[in-house]
Amino acid sequence: MESVSKIRRWVLVEGRSIRSVARATGLSRNTIKKYLKDENPPSYQRHAPPVRHKLCNGFDLRLQELFDQDSRRPRRERRTAQKLYEQLVAEGYTGSYSPVQRFVRELKRAGACSGDAFIPLHFAAGDALQFDWSEERVVLGGVEQKVKVAHFRLCHSRKPFVIAYPGEAQEMVLDAFVQALSFYGGVPRRVIIDNPKTMVTYVSRSKERIFHPRFLALMNHYVMEPVACTPAAGWEKGQVENQVQFLRGRLFVPEPAFDDLEALNAWLRLRCEDLAERPHPEQQDRTITEVFEDERAELRPLGRAFDGYVEKTVRVRSGCVSKVVEIDFRHLRAG
């Protein structure tokens, strides 16, 4: 799925020819054309669970422990993968050497990549959008309650957008992106996010991500590149992190009171427009709105809205009857 996303960006965003992409990927031109027409190509379905190698039967943890012990020793005293394999064999490991070698290689690669990485603080127009959640208290229908607020910020113009939901479920994540891109009237090239399970299902030792299939479908639909921050490194999306604190003081203190969530979100949308009349932090002689108008020209056309349904695997009843549930986002945002 991530290869499909890359191919769509190369052709639809960067303007590369189908022939050049076919040479770079080794795929046929017909396959690439199919990916360009269908943002959700058929996925492979595993018919049987994968066979777990013997290294996983507790020996992966033991190998991790031995590797950690060696990492605290002088370099010349550290054991090779072969020596670690022999140690595991002496402790009862009956598998082959290859998985031990691959495991050690991943650990070394993760250690080599553990240095701090920084995302540039300067962003070109139309380049990036940052996203984050916050928890706020509001009064809806006379009842004080907590809501989750989705925060978006275009990195070049600094234009904010916020929308409130009852929680952070995946259908709310997908809808929040649809609403944000509609608000901006275009699509940036990248979106910088955290690592919530609704977007990132797995982070490997080498810090490579496996994105959630539905979130990837959203990215493929709008042809955006997802960029997940390093865990516990909030400065990599510092603009939206600062926005959370700033807007909390401006919009949620004291607690706003409305009849329902829909009325709250209508007010938040207007307040985002009002706050964009402030001077731009880098171009003091211009407002955020004025800089945004320039950036809007660099955003790609929006196209049709993404269908933000959520896929779930369920057990079919004995009568082969399954229940289909459709979510109306208008009712969802209305609480």
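The values are calculated or read from the model by the stated rules, or taken from the named source; none is laboratory data. What you see is a predicted model, and the numbers here were worked out from it, not measured in a lab. Counting neighbours? That spans all protein chains shown, and the Cβs are built from the backbone with ideal geometry, glycine included. Ligands, DNA and RNA are excluded from the accessible area calculation, which covers all protein heavy atoms including side chains. Shrake-Rupley method; radii C 1.70, N 1.55, O 1.52, S 1.80 Å.
Collect the residues in the stretch 267-284 that are surrounded by 13 or more Cβ atoms within 10 Å (Cβ to Cβ) and of a type in the set (A, V, I, L, M), keeping them in residue-number order.
Hits for the stretch 267-284 are LEU268, LEU275, ALA276.
Exactly one of (1) at pLDDT 85 or above; (2) assigned to a helix (DSSP H, G or I); (3) open to solvent by less than 80 Å² (accessible area, probe 1.4 Å) is unmet by LEU36. Its number?
Evaluating LEU36 over (1) at pLDDT 85 or above; (2) assigned to a helix (DSSP H, G or I); (3) open to solvent by less than 80 Å² (accessible area, probe 1.4 Å) leaves (1) as the failure.
What is the residue count in the stretch 106-139 for residues that are open to solvent by 60 Å² or more (accessible area, probe 1.4 Å) and at pLDDT 85 or above?
2
Applying the selection to the stretch 249-287, what residues are over 30 Å from VAL139 (Cα atoms) and either part of a strand (DSSP E or B) or β-branched (Val, Ile, Thr) (or both)?
PRO279, THR287 - these are the residues of the stretch 249-287 that are over 30 Å from VAL139 (Cα atoms) and either part of a strand (DSSP E or B) or β-branched (Val, Ile, Thr) (or both).
For the stretch 86-103, which positions are open to solvent by less than 60 Å² (accessible area, probe 1.4 Å) and hydroxyl-bearing (Ser, Thr, Tyr)?
Selection gives TYR93, SER96, SER98.
Consider only pairs whose beta carbons are under 6 Å apart and that are at least six residues apart or on different chains; among these, list those whose first residue lies in the stretch 200-222 and is free of Cβ contacts under 8 Å to residues at least 12 places away in the same chain and whose second residue is open to solvent by 20 Å² or more (accessible area, probe 1.4 Å) and in a loop (DSSP other than H, G, I, E, B).
Once the first residue is free of Cβ contacts under 8 Å to residues at least 12 places away in the same chain and sits in the stretch 200-222, its partners that are open to solvent by 20 Å² or more (accessible area, probe 1.4 Å) and in a loop (DSSP other than H, G, I, E, B) give THR201/HIS212.
Can you name every residue in the stretch 4-23 that is surrounded by 12 or more Cβ atoms within 10 Å (Cβ to Cβ) and within 26 Å of the chain's Cα centre (by Cα)?
VAL4, SER5, LYS6, ILE7, ARG8, ARG9, TRP10, VAL11, LEU12, VAL13, ARG16, VAL21
Listed residues ARG153, ARG214; which is surrounded by 18 or more Cβ atoms within 10 Å (Cβ to Cβ) and under 12 Å from LEU129 (Cβ atoms)?
None of the others qualify; the one that does is ARG153.
Looking at the stretch 242-266, which of its residues are in contact (Cβ under 8 Å) with a residue 12 or more places away in the chain, surrounded by fewer than 18 Cβ atoms within 10 Å (Cβ to Cβ) and of a type outside the set (A, V, I, L, M, F, W, C)?
Listed by number, the residues that qualify are ARG248, ARG250, GLU255, ASP259, ASP260, GLU262.
State all residues of the stretch 166-211 that are closer than 16 Å to TYR222 by Cα and in a loop (DSSP other than H, G, I, E, B); if no residue qualifies, say none.
GLY185, GLY186, PRO188, ARG189, MET199
If you go through the stretch 227-261 one residue at a time, how many are within 12 Å of PHE131 (Cα to Cα) and not charged (D, E, K, R)?
Of the residues in that region, 10 qualify.
Confirm whether ASP175 is more than 20 Å from ASP307 (Cβ to Cβ), acidic (Asp, Glu) and open to solvent by less than 40 Å² (accessible area, probe 1.4 Å).
Against the criterion (more than 20 Å from ASP307 (Cβ to Cβ), acidic (Asp, Glu) and open to solvent by less than 40 Å² (accessible area, probe 1.4 Å)), ASP175 does not qualify.
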